[in-house]
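The values are calculated or read from the model by the stated rules, or taken from the named source; none is laboratory data. Remember, predicted model here, so these are calculated numbers, not experimental data. Note that we place each Cβ from the backbone using ideal geometry, even for glycine, and neighbour counts take in every protein chain shown. Please note that ligands, DNA and RNA were not included when accessible areas were found on the heavy atoms of the full protein model with its side chains. Shrake-Rupley method; radii C 1.70, N 1.55, O 1.52, S 1.80 Å.
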Amino acid sequence: MDRTKIRNIGIIAHIDAGKTTTTERILYYTGKTHRIGEVDDGQATMDWMEQEQNRGITITAAATTCFWKDHQINIIDTPGHVDFTVEVERALRVLDGAVVIFCAVGGVEPQSETVWHQADTYGVPRIAYVNKMDRMGADFFAVLEEMEKKLGAHPVPLQIPVGKEQSFRGVIDLITMRMIEWNQEVQGAEYHYLPIPEDMEETAAAWRERLLDSLSSHSDRITELFLEGKEIPEDLILRTIRSCTLARQITPVFCGSSLRNMGVQPLLDGVISYLPSPADLPPIKAYHVKKEKEVEIPQEESGQPLGLVFKIHADRDAGNLCFVRMYAGSIKTGTTVYNVAKKKRERITRIFRMHANRTEPLDMLRAGDIGVVVGFKLAQTGDTVSSEGQPVLLERMHLPEPVISIS
Ligand code: GDP
């Protein structure tokens, strides 16, 4: 897989905002599209989803891979409780971008504020999704205001809702200026495009103008075309939104109702259009044990391997399943890799990728990707794997504390 087509994302939400429902819908739609060409129709996919739901597997994997429009999306599980700061911070380090879900009724809750600021600290680009547009009291525009006031964010809606509460039926895409309407049955969740309803034409035009206005402060070309009253090419709009999102100048906002199967497909399009790929990332900082100082390592496929064990699941049959995020170089099945914290080489007996409904064996795991390594005996969560020639730590909490001797 070409690295520019990988997205490592987290789904961050205040409890009850709809993280589980949205994640399940994502796995359902992506599972469905990826199975095109196989004998089955959607039914089997739905069946496995129900099965997995009952067993709760889809949501407990530390990282689950799915595919959307030729892109590989690795969804990293983020802890629901912000109390586990180390875990939240580790997750934020492993993901490259995030989808932040807000409830259209509850808006920005105190917990969302904490995680939002942590994501700021780690420089994580974000897109936002205002869920539960079908619920009584849903107010998309109030959530935008709260994002501005409480989070100091620069929300830029790429959609506005059509109808709300019981009559929520779709969104207007402010880039293509057309309406997306969902067929509201659980199975399928198909959508189609319609012209903007007449009574919303003015509102839509005003929000599009606001969108272009936000972008024009970051693009001279858009400003020029805007002032000349000329058509702004869609491609230029998309590229500008992307670069502003990566620079964390704006937060694109989407909306929908995951429970009613409305809104998730454009959100997935947003993930691949606006969130970064590993190829977009700057060098990563690590602590060099021998040099005793921080160094920067380019996140490239060539060079020494560099990875972080960010979660371990104990499996009765396979032993420890170590979830590893690779930042540079690659690791291969059947070889060994150096565990810097433990100062020992460890054998990689197997590597695989977790999908929602299956595991896929891999020969190697490359920079930018996430997979599960089997075979490590000593590794603990937070350990760095690399080589003897590059003894660096991505997390320093395993460094021995200085011994204070009292004389
Ligand atoms: P989580 O705690 O963030 O994982 O939230 P869940 O996905 O478990 O959702 C919490 C509750 O809200 C559940 O009862 C869901 O059925 C419900 N819910 C989720 N999304 C929607 C939505 O779009 N509309 C409505 N009305 N309810 C929703």
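Step by step: first the residues of segment 360-382, then only those that are charged (D, E, K, R) and within 23 Å of the chain's Cα centre (by Cα), then the one that is most open to solvent (accessible area, probe 1.4 Å). Which residue is that? Give the derivation first.
Residues of segment 360-382 charged (D, E, K, R): 360, 363, 366, 369, 377.
Next cut, within 23 Å of the chain's Cα centre (by Cα) only: 360, 366, 369.
Details: Glu360: 54, Arg366: 107, Asp369: 13 Å².
Restricting to residues being charged (D, E, K, R) and within 23 Å of the chain's Cα centre (by Cα), the top hit is Arg366.
Scanning segment 234-264 for residues that are open to solvent by 70 Å² or more (accessible area, probe 1.4 Å) and without any contact (Cβ under 8 Å) to a residue 40 or more places away in the chain, which turns out farthest from the chain's Cα centre (by Cα)?
Asp235
Can you name the residue in segment 146-181 that is among the polar types (S, T, N, Q) and touching a residue at least 40 places away in the same chain (Cβ under 8 Å) and, of all such residues, is surrounded by the most Cβ atoms within 10 Å (Cβ to Cβ)?
Filtering segment 146-181 down to residues among the polar types (S, T, N, Q) leaves 159, 166-167, 176.
If we keep only those that are touching a residue at least 40 places away in the same chain (Cβ under 8 Å) as well, we get 159, 176.
Values: Gln159: 26, Thr176: 11.
Per the stated criteria, the residue is Gln159.
Looking at Val88, Val108, which one is within 25 Å of Ala279 (Cα to Cα), of a type in the set (Val, Ile, Thr) and modelled with pLDDT of 65 or more?
Of the residues listed, the single one that is within 25 Å of Ala279 (Cα to Cα), of a type in the set (Val, Ile, Thr) and modelled with pLDDT of 65 or more is Val88.
Only one of (1) in a loop (DSSP other than H, G, I, E, B); (2) open to solvent by 40 Å² or more (accessible area, probe 1.4 Å); (3) at pLDDT 95 or above; (4) in contact with a helix residue (DSSP H, G or I) (Cβ under 7 Å, 6 or more places away or on another chain) fails for His218. Which number is that?
So the condition that His218 fails would be (3).
Starting from segment 1-25, take each residue that is free of Cβ contacts under 8 Å to residues at least 24 places away in the same chain and closer than 30 Å to Ala367 by Cβ and list its partners that are among the basic types (Lys, Arg) and more than 7 Å from the ligand (Cβ to nearest atom), counting only C-beta distances under 8 angstrom and pairs at least six apart or across chains.
No pair meets every condition.
Pick out, from segment 265-359, the strands (runs of 3 or more DSSP E) lying fully within it that include 1 or more residues that are open to solvent by 60 Å² or more (accessible area, probe 1.4 Å) and under 18 Å from Gly382 (Cα atoms).
Per the criteria, 284-288, 293-297, 306-315, 344-347.
Look through Arg260, Arg248 and report the one residue that is assigned to a loop (DSSP other than H, G, I, E, B) and within 16 Å of the ligand (Cβ to nearest atom).
Working: Arg248 fails: within 16 Å of the ligand (Cβ to nearest atom).
From the options Arg260, Arg248, the qualifying one is Arg260.
Among the residues of segment 182-199, is there at least one that is open to solvent by less than 60 Å² (accessible area, probe 1.4 Å) and of a type in the set (D, E, K, R)?
No; the residues of segment 182-199 include none that is open to solvent by less than 60 Å² (accessible area, probe 1.4 Å) and of a type in the set (D, E, K, R).
Can you name every residue in segment 144-161 that is in a helix (DSSP H, G or I) and touching a strand residue (DSSP E or B) at 6+ places or on another chain (Cβ under 7 Å)?
Leu144, Glu146, Met147, Glu148
Identify all residues within segment 263-287 that are within 16 Å of the ligand (Cβ to nearest atom) and either basic (Lys, Arg) or at positive phi (or both); write none if there are none.
Gly263 - this is the single residue of segment 263-287 that is within 16 Å of the ligand (Cβ to nearest atom) and either basic (Lys, Arg) or at positive phi (or both).
Could you check segment 6-20 and list, in sequence order, the residues that are surrounded by fewer than 17 Cβ atoms within 10 Å (Cβ to Cβ) and either away from the ligand (no atom under 16 Å from the Cβ) or charged (D, E, K, R) (or both)?
Answer for segment 6-20, where residues must be surrounded by fewer than 17 Cβ atoms within 10 Å (Cβ to Cβ) and either away from the ligand (no atom under 16 Å from the Cβ) or charged (D, E, K, R) (or both): just Asp16.
I'm trying to understand the selection: among the residues of segment 104-143, which are open to solvent by 10 Å² or more (accessible area, probe 1.4 Å), in a helix (DSSP H, G or I) and not small (Gly, Ala, Ser)?
Of everything in segment 104-143, those that are open to solvent by 10 Å² or more (accessible area, probe 1.4 Å), in a helix (DSSP H, G or I) and not small (Gly, Ala, Ser) turn out to be Pro110, Gln111, Glu113, Thr114, Val115, Trp116, His117, Gln118, Asp120, Thr121, Phe141.
Does any residue in segment 119-145 that is over 24 Å from Ala91 (Cβ atoms) and within 16 Å of the ligand (Cβ to nearest atom) come within less than 7 Å, Cβ to Cβ, of a residue that is open to solvent by less than 30 Å² (accessible area, probe 1.4 Å) and part of a helix (DSSP H, G or I) six or more places away or on a different chain, and which pairs are these?
Listed by first residue and then by second, the contacts come to Met133/Phe140.
Read through the list (1) more than 30 Å from Pro110 (Cβ to Cβ); (2) modelled with pLDDT of 80 or more; (3) assigned to a loop (DSSP other than H, G, I, E, B), then give the number of the only condition that Thr65 fails.
Answer for Thr65: the failing condition is (3).
If the Cβ limit is 7 Å and pairs must be 6+ apart or interchain, which residue in segment 341-368 that is farther than 24 Å from Asp280 by Cβ pairs with which residue that is among the aromatic types (Phe, Trp, Tyr)?
Arg345/Tyr338; Glu346/Phe376; Asn357/Trp48; Thr359/Phe352; Glu360/Phe352; Pro361/Phe352
Do we find that Ser243 is in contact with a Gly (Cβ under 7 Å, 6 or more places away or on another chain) and within 26 Å of Glu148 (Cα to Cα) in this structure? Please lay out each step first, then the result.
Working: in contact with a Gly (Cβ under 7 Å, 6 or more places away or on another chain): no; within 26 Å of Glu148 (Cα to Cα): yes.
Considered against the rule, which asks whether it is in contact with a Gly (Cβ under 7 Å, 6 or more places away or on another chain) and within 26 Å of Glu148 (Cα to Cα), Ser243 comes out as no.
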